[in-house]
Amino acid sequence: MLPVDEKTDEKPAEVSVPEELPLLPSREMVVYPSLLIPLVASEEHTIRLIDEAATGDKMLGIFAQRQGVEEPPPANLYAIGTAAVIAKMFKMPDGTIRALLQGISRIRLREIVQTEPYVKAKIEVIKEEAIEKSTEIEALLRNLQSQFQKVVTLSPNLPDELSLAAASITDPGTLSDFLAAHINLKLEESQDLLETLDIPARLQKLSPFVNRELEILELGTKIQSQVKTEMDKAQREFFLREQLKAIQKELGEVDERTVEINQLRQRLEEAKLPPEAMKEAERELDRLSKMPPQAAEYSTTRTYLDWLVSLPWATSTEDHLDVAEAKRVLDADHYDLEKVKDRILDYLAVRRLKHDMKGPILCFVGPPGVGKTSLGHSIARATGRNFFRMSLGGVRDEAEIRGHRRTYVGALPGRIIQGIRRTGSNNPVFMLDEIDKIGADFRGDPSAALLEVLDPEQNFAFSDHYLEVPFDLSKVMFVTTANLVDPIPPALRDRMEILELSGYTELEKLSITKQFLIPKQLKEHGLSPRMLRISDDAILTIARNYTREADLRNLEREVGTICRKAARQVAENGKKTTTVTVRNLKKFLGNPKFRYEMAGMVDEVGVATGLAWTPFGGDVLSVEASVIPGNGGVILTGQLGDVMQESARAALTYTRSKAKALGVKDDFHSKNDVHIHVPAGAIPKDGPSAGITMAVALASALTNRPVRREIAMTGEITLRGKILPIGGLKEKMLAAHRAGIKKVILPKDNEKDLEDVPPHVKQSLKFALADHIDEVLRQTLKPTARRAAK
């Protein structure tokens, strides 16, 4: 809107306004008196209205429409509007009309007299009364003019001439209408100023609106200035960097940070990352290139990219698929262990036929020291793969397996990814040692994290918390070790192929000592084979009386002790050859440390020979039973476990049920106490396999019939006298052979396990298979003198 005359503050000459005027509804603006308004009319009824008004007295009334009212004009028109004169009018070729309207005065709507083709109504002219200028009015006028001048200065849409025009207006009413028309007001606020007829009140209402407009413009200018400053700074830095690059290029120098980024980009291309990992790496590298080296995240992002590019995503070692050569390597490293060797050779044979075969998950279970860990090294040697060993003993934090999130300070990948990086190939032999010693606490359950690692159906996309991109572990050959199977969680145990490694027999210990241990110890102590000779009997005596173990660690230590004694004799006396036999063994190793049970010298009443399994191998047990006067009590001694005590009670119950068949009085239990004792009372014992031994000892004590000393037995007994199978048969047969036993009675269901017994043991022992205790009693109890005579 423009003032009628920018050079004077006088109002235009008064124009007579008729009582009836055509009404022009205004949707978006309020028209004030004394101002010029441009108008573009394209609607038919508006064009007709302006046409007829122009041919008449050239006057019309402009009223604003109420917003939010659904009714059409004139029902939605405000009551007060502005009378205007058509100053100029142009008809355009497209049929539209462009006109310039000049506001005359405020008018009030009285009565609608016509609605078609346009609205026509009776109006009333509102005359503004002249006011006397006071100090307050003068202050308001100056404040408004000053504030509006600032608005014009800050606003990009208002020309500078408006501030001069406002300064030249001295009439309060005209100035208020002029300012209200040139600041941003809502329709309701503009209409409120139009309807405020009291000029001082109108000036009071207008002042906060002008101040609000000024605050908005100042805030916008401040924001724009900040944005411009940041843009100028960024542009300045960009130009400086480009100039620096050009200078360094001319001087032959390169920025270290640029070199580092370029090296990382080259390493990324050489690493041959999968698409998903490559996308993440490029995103992080792009962030790194835009990040200043002083930023806190710079080193974190740099370390992350280092891990990504250093992993062997596409680097593999070539497998040695020569089965004969692999067998030679395995035999050279380990004696016996045929089952394990056969499994490895089977895997290599299949790999020769199917190159994309997934790696097996093997679990070696056996006593400490039988060669589980060294088997991993041998497998790596035989297959030509890299080897990595990770000990799980005492691991309680899940992050040890999956790593930490990058949000943590000092975060790193888990030990699985670390091991893969160290091996430098994506198909190593990865040994998880002591998997049965893994634990869980508030930091998570590592065994649950291993479920994905040790599952060929899942580990092709193993996700480490630090990397957050999948890594393929399906080519890795995982080998785990454990001393016991029971502590391993069932879900984890189900994912592995269990291969049991039992303890070594005496003959195996003899062969291993001669082939491996003695040459190794001679080399470590600087001795030649001529300087020390140990007889076979001496080695067997060391294994029996100086060590009690399933493995060979203590045996190797004892051999080392002998080597040191021999080296001392060479140093002191110049003795060139030292021979160790059973007779002079005590001189080198001192008194024997252990004693093995041997078969009894005479047949005794109430004493039966049983066989037991221990973590160190098999052993012979003497079970003693005695019947003494009492009140039917049962005494069990010898540190018997719960299962063994239950076996003793089951044997007693069966003996009582067969009292008549055994020739014992039915009421013997009410007048006597039964005492069962297993010697070596300081050693805890448990298990069900001594059941038939206790039953034989009880029957012998009750019937006063001796037990044959050359017979040993093992088996679990039921209340009905049935004999159930047991475990550890190989170790028990070795113990019987070592103790001089001639005959062994064992459960019939254990016949298949005799295949594992060494041939030389089978040749020296007789085996009797029984499925009921009556058969055992017939073979073990000697007849009384009367029965023998009969």
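Mind pulling the angle between the C-alpha long axis of helix 172-182 and the longest principal axis of the chain? Nearest 10 degrees, somewhere in 0 to 90. So the helix axis and the longest Cα principal axis differ by about 40 degrees. Taking the empirical scaling 2.2 N^0.38 Å for compact globular proteins as reference, region 11-87 has a Cα radius of gyration ratio of 1.11.
Determine, from the Cβ-Cβ distance of Glu195 and Thr135 and an R0 of 25 Å, the FRET efficiency 1/(1 + (r/R0)^6), rounded to the nearest 0.05. Here the calculated transfer efficiency is 0.40.
Placing a label point 7 Å from the Cα of Glu276 along the Cα-to-Cβ direction, the residues of region 283-315 with a backbone N closer than 20 Å are 283-285, 304-315. Taking a quarter of the surface of the Cα convex hull of region 656-718 gives a mean projected area of 5.4 nm². Computed over region 89-215, the Cα gyration tensor eigenvalues convert (square root of 5λ each) into semi-axes of 30, 22, 13 Å, ordered from largest to smallest.
Cα gyration tensor of region 1-147, axes a ≥ b ≥ c as square roots of the eigenvalues: rounded (a/c below 1.5), prolate (a/b > b/c) or oblate? Cα axes put region 1-147 in the prolate bin. With the convex hull drawn around the C-alpha atoms of region 200-288, the volume per residue stands at 129 Å³. For a straight C-alpha distance cut-off of 27 angstrom, the lysines reachable from Lys133 (same-chain residues fewer than eight places away being disregarded) are Lys7, Lys11, Lys150, Lys205. Residue separation of Lys228 and Ala349 scaled by 0.36 nm, minus their Cα-Cα distance, works out to 36.4 nm of gained length. Residues of region 533-561 with the amide nitrogen closer than 18 Å to a label point 7 Å from the Cα of Arg568, along Cα-to-Cβ, please. Hits in region 533-561 for Arg568 at 18 Å: 533, 557-561. Looking at the chain, the DSSP beta bridges with both ends there are about 60 percent antiparallel. Helix content alone sets the calculated 222 nm mean residue ellipticity of the chain: runs of n ≥ 4 DSSP H residues at -39500 (n - 2.57) each, divided across all residues, give -13000 deg cm²/dmol. The Cα-based radius of gyration and maximum Cα-Cα distance (Dmax) for region 430-546 are 21.7, 61 Å. Ligands, DNA and RNA are left out, and with a 1.4 angstrom probe the accessible area of the chain is 53 Å² per residue. When the residues His669, His334 are ordered by accessible surface, computed with a 1.4 Å probe over the protein chains alone, the sequence from largest down reads His669, His334. Reachable aspartates and glutamates from Lys354, Cα under 17 Å, same-chain residues fewer than 8 places away excluded? Cross-link targets: Glu318, Asp319, Asp322, Asp346.
Over 25 Å apart at the Cα level, from the set Lys660/Lys766; Lys245/Lys272; Lys523/Lys593; Lys722/Lys743, are Lys660/Lys766; Lys245/Lys272; Lys523/Lys593.
I need the shape label for region 325-445. Rule: rounded when a/c is under 1.5, else prolate if a/b > b/c, else oblate, with a, b, c from the alpha carbon gyration tensor.
Prolate, because a/c is 1.5 or more and a/b exceeds b/c.
Full extension of the segment from Lys586 to Arg405, taken as 0.36 nm per residue of separation minus the current Cα-Cα distance, would add 59.1 nm. For the chain, the Cα-based Rg and Dmax, in that order, read 53.3, 164 Å.
Per-atom-type breakdown for the chain gives carbon and sulfur 50% of the accessible area (1.4 Å probe, protein chains only). Would you calculate the separation in nanometres between label points at Ile126 and Thr96, each defined as 7 Å from the Cα along the Cα-to-beta-carbon direction? Label-label distance for Ile126 and Thr96, simple model: 3.2 nm. Is the shape of region 692-770 best called rounded, prolate or oblate, per the rule: a/c under 1.5 gives rounded, else a/b larger than b/c gives prolate, else oblate, with a ≥ b ≥ c the square roots of the Cα gyration tensor eigenvalues? Verdict is oblate for region 692-770. Among the trypsin sites (Lys or Arg not before Pro) in region 457-562, those located in a DSSP loop and surrounded by at most 11 other Cβ atoms within 10 Å of their own Cβ are Arg530. For the pair Arg48 and Ile683, label points projected 7 Å from Cα toward Cβ lie 12.3 nm apart.
The values are calculated or read from the model by the stated rules, or taken from the named source; none is laboratory data. These numbers come from a predicted model, not from an experiment. Neighbour counts are summed over all protein chains in view; Cβ atoms, including those assigned to glycine, are modelled from backbone coordinates with ideal geometry. Keep in mind that these areas ignore ligands, DNA and RNA; they rest on the heavy atoms of the full protein, side chains included. Shrake-Rupley method; radii C 1.70, N 1.55, O 1.52, S 1.80 Å.
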